[in-house]
């Protein structure tokens with residue numbers, strides 16, 4: 001697969017755009033590829049723009065409809081972030097407060113519903129595409145920006161964050177916004193751009209501090225390019241960095257008062273306390289995860305374009321390759337979840353879009369088919385996410401439904417609510433897993449407070465909230481996917497178990513929960529979490 005990348009050089013800075021403006025009067029067509037457009041070509045581009053806008057309007061409408069009709073139940077993590085939103089704070093056990101604030105705003109508008117919890121997922125996804133469009137337009141041209149925005153939406157893992165709310169949802173938006181202002185600051189050097197960059201990065205840090213990965217590639221971009229070194233002679237890059245870090249100060253203060261739990265949690269992921277050791281299996285899992293998340297053909301093509309164009313497009317190269325390299329190194333010594341490096345691929349969508357817009361047509365027929373297949377495969381995966389009423393009913397092998405984590409919680413909540421109506425004394429609801437506890441809190445009528453008991457598990461936010469000491473003498477409903485351990489049974493005077501099977505929309509069994517009706521809570525000695 002070859003093409004002549006020397007046929008055109010993407011504008012890489014303010015100087016290039018200044019020269020372009022000098023060559024044409026204000027309002028004239030852009031120089032280069034778009035300046036030679038015929039009237040019919042202009043109409044074609046206009047139709048293309050209308051089609052892209054129509055795509056985004058339809059996509060957002062479909063997403064809001066899916067959420068409004070409650071087709072997809074909340075995942076355990078989404079329900080847990082909703083629990084966070086009921087108790088707003090500057091930080092939580094594993095993440096900063098950004099996602100909780102978004103959910104609180106959504107539920108203020110639409111109540112404690114799937115739409116309320118997830119409302120800002122499609123909104124931020126749409127805004128992310130808009131920012132990516134403007135970034136692509138600055139780096140290349142308008143059509144490249146439009147195609148990059150569409151590519152963003154057809155990648156299954158990225159598109160999933162347009163339906164479900166997690167810390168990655170605001171992270172992706174603020175990451176792209178940071179890229180946009182970083183490019184403006186790098187290419188133009190205006191003080192306002194450096195200040196806006198600080199705000200974008202700072203808000204990103206309050207969403208998920210993985211946005212801190214921007215500091216290293218941003219520094220490399222400034223150090224290795226002429227205009228970057230020119231910017232480093234001014235105070236603005238340094239002031240921007242300091243201002244962005246000030247946004248994170250409340251998170252630091254909160255952690256200092258809670259035994260640094262968020263950092264302990266992330267150090268546990270990084271295996272920093274146990275030392276580094278080679279783990280080939282984790283590396284292969286990382287490679288497989290990225291090929292699955294980005295799809296093999298798109299993954300290879302993006303890397304090829306980024307490396308080949310590293311001199312003519314240093315911005316996209318430095319804002320992608322170093323981040324991916326960090327996770328490659330991490331995977332050699334421990335597990336990397338598929339979504340962790342996701343932001344590292346975002347800048348790579350722009351040169352990929354340029355390739356499709358300006359270099360796809362001359363390809364040989366075999367290469368065209370390969371690239372086309374590489375785009376169709378993720379598009380089909382994304383389509384399945386957006387027709388959940390069909391996806392939920394397809395004859396998946398047992399346990400293989402990709403939406404299985406979103407099935408059965410409403411049914412479980414109804415069963416627990418029915419059992420609660422039979423309780424004749426004050427009671428509380430108890431679970432042994434934070435996802436189960438969070439789903440019960442959301443789907444049980446009245447959204448009761450649910451407690452999560454520590455039976456020797458990893459720490460979670462419920463351990464910080466605690467509260468079991470105040471419940472002695474009460475009855476309880478204990479929900480678990482496992483058998484009740486003897487020491488917990490001994491914490492009550494009497495327990496009565498019964499099974500609650502849950503099913504998918506086609507009536508096929510998904511899993512079975514055990515519901516224990518418990519009397520006479522004697523109290524529980526809190527256990528120290530086994531790990532963070």
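The values are calculated or read from the model by the stated rules, or taken from the named source; none is laboratory data. Since we're looking at a predicted model, the values are computed, not measured. No Cβ is skipped: glycine too gets one built from the backbone with ideal geometry, and neighbour counts run over all protein chains shown.
Of 370, 356, all but one fail to be more than 25 Å from the chain's Cα centre (by Cα), within 30 Å of residue 211 (Cβ to Cβ) and part of a helix (DSSP H, G or I); the exception is 356. Of the residues making up the range 218-229, those that are surrounded by fewer than 17 Cβ atoms within 10 Å (Cβ to Cβ) and either under 24 Å from residue 92 (Cα atoms) or without any contact (Cβ under 8 Å) to a residue 40 or more places away in the chain (or both) are 219, 223, 226, 229. Report yes if some residue within the range 323-339 is modelled with pLDDT of 90 or more, under 19 Å from residue 135 (Cβ atoms) and touching a helix residue (DSSP H, G or I) at 6+ places or on another chain (Cβ under 8 Å); otherwise report no. Among the residues of the range 323-339, at least one is modelled with pLDDT of 90 or more, under 19 Å from residue 135 (Cβ atoms) and touching a helix residue (DSSP H, G or I) at 6+ places or on another chain (Cβ under 8 Å), which makes the answer yes.
Taken as a whole, the structure places residue 417 among residues that are part of a helix (DSSP H, G or I), more than 28 Å from the chain's Cα centre (by Cα) and surrounded by fewer than 19 Cβ atoms within 10 Å (Cβ to Cβ). Has the range 80-90 got at least one residue that is surrounded by 12 or more Cβ atoms within 10 Å (Cβ to Cβ), modelled with pLDDT of 90 or more and touching a strand residue (DSSP E or B) at 6+ places or on another chain (Cβ under 9 Å)? Yes: one or more hits. Scanning the range 179-207 for residues that are crowded, with 22+ Cβ neighbours inside 10 Å and over 18 Å from residue 319 (Cα atoms) gives 206, 207. Just one of the listed residues (366, 333, 381) is over 27 Å from residue 177 (Cα atoms), out of contact with any strand residue (DSSP E or B) (no Cβ under 6 Å at 6 or more places or on another chain), assigned by TED's automatic domain parsing to the domain that holds residue 157 and in contact (Cβ under 8 Å) with a residue 60 or more places away in the chain, and it is 333. Within the bounds of the range 196-207, is there any residue that is more than 30 Å from residue 461 (Cα to Cα) and in contact with a helix residue (DSSP H, G or I) (Cβ under 9 Å, 6 or more places away or on another chain)? Yes: one or more hits. Would you be able to say whether some residue in the range 443-451 is in a helix (DSSP H, G or I), outside the structural domain of residue 79 (by TED's automatic domain parsing) and at pLDDT 95 or above? Scanning the range 443-451, I find at least one residue that is in a helix (DSSP H, G or I), outside the structural domain of residue 79 (by TED's automatic domain parsing) and at pLDDT 95 or above, so the answer is yes. Before we move on, is residue 220 within 29 Å of residue 117 (Cβ to Cβ) and at pLDDT 95 or above? Here the answer is no, as residue 220 does not meet what is asked. Quick check: is even one residue across the range 513-532 at pLDDT below 90, in the same structural domain as residue 435 (by TED's automatic domain parsing) and not in a loop (DSSP other than H, G, I, E, B)? The answer is no; no qualifying residue exists.
Might you check whether a residue that is at pLDDT 90 or above and under 22 Å from residue 262 (Cβ atoms) occurs anywhere in the range 465-478? Within the range 465-478 (the criterion being at pLDDT 90 or above and under 22 Å from residue 262 (Cβ atoms)), the answer is yes, since at least one residue qualifies. Against the list (1) touching a helix residue (DSSP H, G or I) at 6+ places or on another chain (Cβ under 6 Å); (2) over 30 Å from residue 357 (Cβ atoms); (3) crowded, with 19+ Cβ neighbours inside 10 Å, the condition residue 122 fails is (2). Each residue in the range 35-78 was checked for being modelled with pLDDT of 80 or more and in a loop (DSSP other than H, G, I, E, B), and 7 of them qualify. Output yes when any residue across the range 230-238 is touching a residue at least 12 places away in the same chain (Cβ under 8 Å) and not in a helix (DSSP H, G or I), and no when none is. Yes, that holds for at least one residue. As a summary of the residue check, residue 423 satisfies the conditions (1) out of contact with any strand residue (DSSP E or B) (no Cβ under 6 Å at 6 or more places or on another chain); (2) not in a helix (DSSP H, G or I) except for the one numbered (1).
Residue check: residue 91 meets all listed conditions (1) part of a helix (DSSP H, G or I); (2) touching a residue at least 40 places away in the same chain (Cβ under 8 Å); (3) within 27 Å of residue 212 (Cα to Cα) but one, namely (1).
Summed over the range 489-507, the residues that are in contact (Cβ under 8 Å) with a residue 60 or more places away in the chain and over 18 Å from residue 430 (Cα atoms) give a count of 5.
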